[in-house]
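A quick write-up on the structure given underneath.
The values are calculated or read from the model by the stated rules, or taken from the named source; none is laboratory data. Being a predicted model, the structure only gives us computed values, none of them experimental. Positions of Cβ are generated from backbone atoms using ideal geometry, with glycine treated the same way; all protein chains shown enter the neighbour counts. All accessible areas refer to the heavy atoms of the entire protein, side chains included, with ligands and DNA or RNA removed. Shrake-Rupley method; radii C 1.70, N 1.55, O 1.52, S 1.80 Å.
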Amino acid sequence: MSGNVSQEGNGKVSRVIRMGTRKSQLARIQTDSVASRLKELYPDVRLEIVAMSTIGDKILDTALSKIGEKSLFTKELENALERNEVDIVVHSLKDLPTSLPTGFTIGAILQRENPHDAVVLHPKNAGLTLDSLPEKSVIGTSSLRRAAQLKKRFPQLEFENIRGNLNTRLKKLDEKDDYAAIILAAAGLKRMGWENRISQILGPEDCMYAVGQGALAVEVRAQDRDILEMVSVLHHPDTVLRCISERAFLKQLEGGCSVPVAVHTEVKGSMLYLTGAVYSLDGADCLKDSMQTCVEIDNKVSESAQECVHVAVTANNISSSALDAAEKLGMNLANVLLDKGAKDILTTARKLNDAR
């Protein structure tokens, strides 16, 4: 059994599970929420939270898309996982690459919070929307995906980079006059208890979201059968299917943090709907399409000893045919866009971004 075992005074042996997290307030809130779910489900387990700083937390003066790939916020946590210093790590799913290092897997994807982006206005612009802000207003966002879509949709506005965790970005917005508004994930604001700062939620017609946005993921060592089984009850089936299709779409496109790729998914009845798009950095070029597939949940979970892993997600308690269908949907949609020339758009976007 992995995890530590501690002897309690009453002679009872209780299991200690160490949870790794980033030090930011949002990361702590997210980890605490997963911890409290686990406590409810397994009252005998003792949880210890181990907080660490990651490269992404330390380099605050450079645009995220310039520092490179997605492991920015995950590398140190995975190193701790590899060295058995922690047993599970809680991440925002959108920070996790579509392929994980050997030996790691996503053992749980929790029910998704609102995945859309939100507009947070400078207090002096209270009551306005992106449409009604004065021309040439500067909007802060650290995401190429948001900037590309919003430049196309709101050509009268200007978009500039803003970095830092949620607290830092809100402070930069409120205390200076540099930005008329900033764009943040609604999910993070909600988890921080700052929903009252949301002036506008951007629907898919304005701005589609990032792959995995709004969902929390629990990363574990793939060989820790007992821990995998323990966290697997946290899986939310609809969220898992949506996120697998989104991750498969991104993986097939070979997109990472440094290219503008956006998605929108829905499960209605037994159908899974996926819309995906790629953009040039200025939003002028865009390829977008939608597809759907049936994800009838049959109760045949993967019985094979060799379990199925879909884009680094292990979900043995969810119908394997539904998982396969979701993954295939993402790949098929990516192939449709690649046939239409998505590769060129992404290559150009990457080169331009690297040259900045």
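Among (1) surrounded by fewer than 18 Cβ atoms within 10 Å (Cβ to Cβ); (2) within 30 Å of residue 30 (Cα to Cα); (3) of a type outside the set (Phe, Trp, Tyr), there is one condition residue 135 misses while meeting the rest; what is its number?
Every condition holds for residue 135 apart from (2).
Does residue 132 satisfy being among the polar types (S, T, N, Q), farther than 21 Å from residue 245 by Cα and touching a helix residue (DSSP H, G or I) at 6+ places or on another chain (Cβ under 6 Å)?
Values: among the polar types (S, T, N, Q): yes; farther than 21 Å from residue 245 by Cα: yes; touching a helix residue (DSSP H, G or I) at 6+ places or on another chain (Cβ under 6 Å): no.
No: the conditions fail for residue 132.
Among the residues of the stretch 315-336, what is the count of those that are over 22 Å from the mean Cα position of the chain (by Cα) and surrounded by 18 or more Cβ atoms within 10 Å (Cβ to Cβ)?
Looking only at that region, the number is 2.
If residue 66 satisfies every condition in (1) part of a helix (DSSP H, G or I); (2) in contact with a Gly (Cβ under 9 Å, 6 or more places away or on another chain); (3) modelled with pLDDT under 90 but one, which is the exception?
Result: residue 66 passes all but (2).
For residues in the stretch 108-131 being of a type outside the set (A, V, I, L, M) and touching a Ser or Thr at 6+ places or on another chain (Cβ under 6 Å), which is least open to solvent (accessible area, probe 1.4 Å)? Spell out how you get there, then give the answer.
Restricting attention to the stretch 108-131, the residues satisfying the condition of being of a type outside the set (A, V, I, L, M) are 111-117, 122-125, 127, 129, 131.
Next, from what is left, pick out any that are touching a Ser or Thr at 6+ places or on another chain (Cβ under 6 Å): 111-112.
Working: 111: 121, 112: 27 Å².
Step by step, filter the stretch 108-131, then rank; the result is 112.
Return the residues of the stretch 209-237 that are of a type outside the set (S, T, N, Q), in contact with a Lys or Arg (Cβ under 8 Å, 6 or more places away or on another chain) and either in a loop (DSSP other than H, G, I, E, B) or open to solvent by 20 Å² or more (accessible area, probe 1.4 Å) (or both); say none if nothing qualifies.
Listed by number, the residues that qualify are 210, 211, 212, 214, 215, 234, 236.
Does at least one position in the stretch 143-160 carry a residue that is farther than 28 Å from residue 280 by Cβ and either within 23 Å of the chain's Cα centre (by Cα) or open to solvent by 10 Å² or more (accessible area, probe 1.4 Å) (or both)? Write out each step before concluding.
Let us first name the residues in the stretch 143-160 that are farther than 28 Å from residue 280 by Cβ, namely none.
For the stretch 143-160, residues farther than 28 Å from residue 280 by Cβ and either within 23 Å of the chain's Cα centre (by Cα) or open to solvent by 10 Å² or more (accessible area, probe 1.4 Å) (or both): absent.
Does residue 139 satisfy being hydrophobic (A, V, I, L, M, F, W, C), over 25 Å from residue 16 (Cβ atoms) and modelled with pLDDT under 95? Don't jump to the end; show me each part of the working.
Numbers: hydrophobic (A, V, I, L, M, F, W, C): yes; over 25 Å from residue 16 (Cβ atoms): yes; modelled with pLDDT under 95: no.
No; evaluated as a whole, the condition is false for this residue.
Would you be able to tell me the number of residues in the stretch 290-303 that are open to solvent by 60 Å² or more (accessible area, probe 1.4 Å) and either aromatic (Phe, Trp, Tyr) or at pLDDT below 65 (or both)?
Result for the stretch 290-303: 3.
I need every pair where a residue in the stretch 310-324 that is under 22 Å from residue 221 (Cβ atoms) has its Cβ under 7 Å from the Cβ of a residue that is open to solvent by less than 10 Å² (accessible area, probe 1.4 Å) and of a type in the set (Gly, Ala, Ser), sequence separation at least 6 or different chains.
Pairs found: 311/248; 314/107; 323/315.
Quick one: what pairs do we get from the stretch 183-201, first residue in contact (Cβ under 8 Å) with a residue 24 or more places away in the chain and part of a helix (DSSP H, G or I), second open to solvent by 30 Å² or more (accessible area, probe 1.4 Å) and of a type in the set (A, V, I, L, M, F, W, C), C-beta under 6 Å, 6+ apart or different chains?
Pairs found: 186/201; 188/26; 189/198; 191/29.
Just for the stretch 257-270: of the residues that are assigned to a strand (DSSP E or B) and farther than 15 Å from residue 332 by Cβ, which one is most open to solvent (accessible area, probe 1.4 Å)?
Narrowing the stretch 257-270 to residues assigned to a strand (DSSP E or B): 261-268.
If we keep only those that are farther than 15 Å from residue 332 by Cβ as well, we get 261-262, 264, 266-268.
Working: 261: 10, 262: 0, 264: 35, 266: 76, 267: 37, 268: 113 Å².
Ranking the qualifying residues of the stretch 257-270, first place goes to 268.
Just give me the residues in the stretch 152-187 being of a type in the set (Gly, Ala, Ser) and modelled with pLDDT of 95 or more, in sequence order.
First pass over the stretch 152-187, keeping only residues of a type in the set (Gly, Ala, Ser): 164, 180-181, 185-187.
Across the stretch 152-187, the qualifying residues are 180, 181, 185, 186, 187.
For the stretch 175-204, what are the residues that are open to solvent by less than 40 Å² (accessible area, probe 1.4 Å), of a type in the set (Gly, Ala, Ser) and over 21 Å from residue 264 (Cα atoms)?
180, 181
Looking only at residues in the stretch 161-174 that are open to solvent by 10 Å² or more (accessible area, probe 1.4 Å) and among the hydrophobic types (A, V, I, L, M, F, W, C), which one is farthest from residue 186 (Cα to Cα)?
170
Restricting the search to the stretch 45-63, which residues are open to solvent by less than 30 Å² (accessible area, probe 1.4 Å) and at pLDDT 90 or above? Walk me through it before giving the result.
Quick first cut of the stretch 45-63, residues open to solvent by less than 30 Å² (accessible area, probe 1.4 Å) only: 45, 54, 56, 63.
Of everything in the stretch 45-63, just one residue is open to solvent by less than 30 Å² (accessible area, probe 1.4 Å) and at pLDDT 90 or above, namely 45.
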